[in-house]
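Novice: I have a structure here, written as structure tokens, and I will follow up with some questions on it.
The values are calculated or read from the model by the stated rules, or taken from the named source; none is laboratory data. As the structure is a prediction and not an experimental result, all values here were calculated from the model. Every residue, glycine among them, receives a Cβ derived from its backbone with ideal geometry; neighbour counts consider all protein chains shown.
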Amino acid sequence: MNNTIKLAVASALLAAASSANAGIVIPAGDWTLDISGNVNAYYSYNSLENSNSVNASSAGGALAAGQNAAGEDTQTTITTGLLPSFLSVSGKTRQNDLDVGFTISIQPGIATSNSLSAGNQENRQSFLTFGDKSWGTIKAGRDLGIFASTAILSDMTLLGVGGGSTNVSGTTTLGGIGSGYIYADWKAQVSYASPNWNGFSFAAGVMQPWNTTTAGSTVAQAALGQIAGANNQSTSTPGFEAQATYEWAGDVAGKVWLGTIYQKVEDLGVGTGVTNFGNETANAWDIGANVNVAGFGLTGYYYDGRGVGTTGFLANAFDAQGKRRDSNGGYVQATYTIPGVGTKLGLAYGISTLDRTSLDRATNNNLVEDNERWTVGAYHPLTKHLNLVAEYNRISSSSHAIGVKDADNDNVSLGAILFF
């Protein structure tokens, strides 16, 4: 199984899933091919409160859009979870004293809400690698970003649903994205991963620079009184991400990690019909730790950023005059595996906050202030490869705007995820 899926399975802390670390291996001449992935589906029932008070998805929140087309505050969805259904084909070989490999994957969604329509499909991975265990590995192509990657891979909702559970057309829900961490996302990159030196390793890479994304771009969002943030159109310099990790084994096993992200954001305001406000920088750092002992697991994570936005990188990161918005957040998670049964029980709390600028305060902008998430989950290994999942999630989004009520979403999800 390729490294991303291995990490996803292991980091989700499900004993049965983590044992399913071998895909379908096929010798092919000089190459060894590995076909692997997962299929998952969840029945998700949502009850919304004050769903029109904060359009959290547009304002940077972790909730999906509020009421459905009929104006109802309860919704039923059958959807994939935070981890999409995944079909990955990898290959590896040894040539000229180099380990050479590739990975290409597709991620189909299952949820639809209209006749004569199909679920979305993504292509998240397409990359090549080369290197040697003595000096490390170089990766070129599209794969999971480095910053905040361990945060999402350590989230127990990775094998469940988490936030964004009213998904009716996308490939995934949100899990803890936007309510505990910023999405690591799938990025075009040239990166380097070091060997493991007695538990210590690091990864660093240059990334395709991204444009900012803004609120206030639709009629519904404009009706909420939101101000569009300053967009940027020039991306002449790459982004940068890095992470250092230390892991240890034993009766008390665990790891700690420290990461950073940086990008120059150029020509703010260009393309929005306003003055060019010049250049800024978007940067953040994060730190996390995970400890496991005698069936108990504890994870803690924190991030702090300037101009990186919330939920997604550069989402609502700047106001309409190109001023950076600060953001931070984190989550804590406790799990316990029942001996002899293998069922993983978990409790998690996460929060992501986005600060206002002086312009936001002056205009009473309906911008999300914070998203809070409580998750209670049970993950049971029915077989070595198949897990049953039950989750309860409560997501609350509050607005900076005076007089705007919080938007709350209670969700119950039941489903299954199969790895191969």
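Novice: So, GLY71, is that one surrounded by 23 or more Cβ atoms within 10 Å (Cβ to Cβ) and either more than 20 Å from GLN189 (Cβ to Cβ) or modelled with pLDDT under 95 (or both) or not?
Specialist: On the way: surrounded by 23 or more Cβ atoms within 10 Å (Cβ to Cβ): no; either more than 20 Å from GLN189 (Cβ to Cβ) or modelled with pLDDT under 95 (or both): yes.
No, not satisfied.
Novice: While we're on this one: If I go through region 150-164 residue by residue, how many of them are in contact with a Phe, Trp or Tyr (Cβ under 8 Å, 6 or more places away or on another chain) and either modelled with pLDDT of 95 or more or within 20 Å of SER396 (Cα to Cα) (or both)? Before you say what the answer is, go through the steps one by one.
Specialist: Narrowing region 150-164 to residues in contact with a Phe, Trp or Tyr (Cβ under 8 Å, 6 or more places away or on another chain): 150-152, 154-156, 159-161.
Subsequent filtering for residues that are either modelled with pLDDT of 95 or more or within 20 Å of SER396 (Cα to Cα) (or both) retains 150-152, 154-156, 160-161.
Looking only at that region, the number is 8.
Novice: Take the residues in region 396-420 that are crowded, with 17+ Cβ neighbours inside 10 Å and in contact with a Ser or Thr (Cβ under 6 Å, 6 or more places away or on another chain), then tell me which one is modelled with the lowest pLDDT.
Specialist: VAL404
Novice: Ok, one more. Within region 282-290, identify whether any single residue is part of a loop (DSSP other than H, G, I, E, B) and either out of contact with any His (no Cβ under 6 Å at 6 or more places or on another chain) or over 15 Å from ALA148 (Cα atoms) (or both), and answer yes or no.
Specialist: Checked region 282-290: no residue is part of a loop (DSSP other than H, G, I, E, B) and either out of contact with any His (no Cβ under 6 Å at 6 or more places or on another chain) or over 15 Å from ALA148 (Cα atoms) (or both).
Novice: Considering each of VAL332, VAL265, VAL293 in turn, give the residue that is of a type outside the set (Phe, Trp, Tyr), touching a residue at least 40 places away in the same chain (Cβ under 8 Å) and surrounded by fewer than 18 Cβ atoms within 10 Å (Cβ to Cβ). Please lay out each step first, then the result.
Specialist: Details: VAL332 fails: touching a residue at least 40 places away in the same chain (Cβ under 8 Å); VAL265 fails: surrounded by fewer than 18 Cβ atoms within 10 Å (Cβ to Cβ).
The unique qualifying residue is VAL293.
Novice: Could you count how many residues in region 333-378 are under 14 Å from HIS400 (Cα atoms) and not hydroxyl-bearing (Ser, Thr, Tyr)?
Specialist: Of region 333-378, the ones under 14 Å from HIS400 (Cα atoms) are 352-371.
This time we only want the ones that are not hydroxyl-bearing (Ser, Thr, Tyr), so: 354-356, 359-362, 364-371.
Qualifying residue count for the region: 15.
Conditions (1) in contact (Cβ under 8 Å) with a residue 24 or more places away in the chain; (2) farther than 21 Å from ASN38 by Cα; (3) in contact with a helix residue (DSSP H, G or I) (Cβ under 7 Å, 6 or more places away or on another chain); (4) part of a loop (DSSP other than H, G, I, E, B), marked per residue:
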| position | (1), (2), (3), (4) |
| --- | --- |
| THR129 | yes, yes, no, no |
| LYS139 | yes, yes, no, no |
| ARG142 | yes, no, no, no |
| ILE146 | yes, yes, no, yes |
| ALA151 | yes, no, no, no |
| SER165 | yes, no, no, yes |
| THR173 | yes, no, no, yes |
| VAL190 | yes, yes, no, no |
| ALA204 | yes, yes, no, no |
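Novice: I've got another one for you. Residue check: is TYR392 farther than 16 Å from GLY176 by Cα and among the aromatic types (Phe, Trp, Tyr)?
Specialist: On the way: farther than 16 Å from GLY176 by Cα: no; among the aromatic types (Phe, Trp, Tyr): yes.
For TYR392, the condition - farther than 16 Å from GLY176 by Cα and among the aromatic types (Phe, Trp, Tyr) - is not met.
Novice: So, of the residues in region 188-221 that are within 11 Å of PHE313 (Cα to Cα) and buried (at least 19 other Cβ atoms within 10 Å of the Cβ), which turns out to be modelled with the highest pLDDT? Don't jump to the end; show me each part of the working.
Specialist: Taking region 188-221 first, the residues within 11 Å of PHE313 (Cα to Cα) are 209-213.
Remaining after also requiring buried (at least 19 other Cβ atoms within 10 Å of the Cβ): 209-210, 212.
Working: PRO209: 93, TRP210: 90, THR212: 84.
Filtering region 188-221 for residues that are within 11 Å of PHE313 (Cα to Cα) and buried (at least 19 other Cβ atoms within 10 Å of the Cβ), the one modelled with the highest pLDDT comes out as PRO209.
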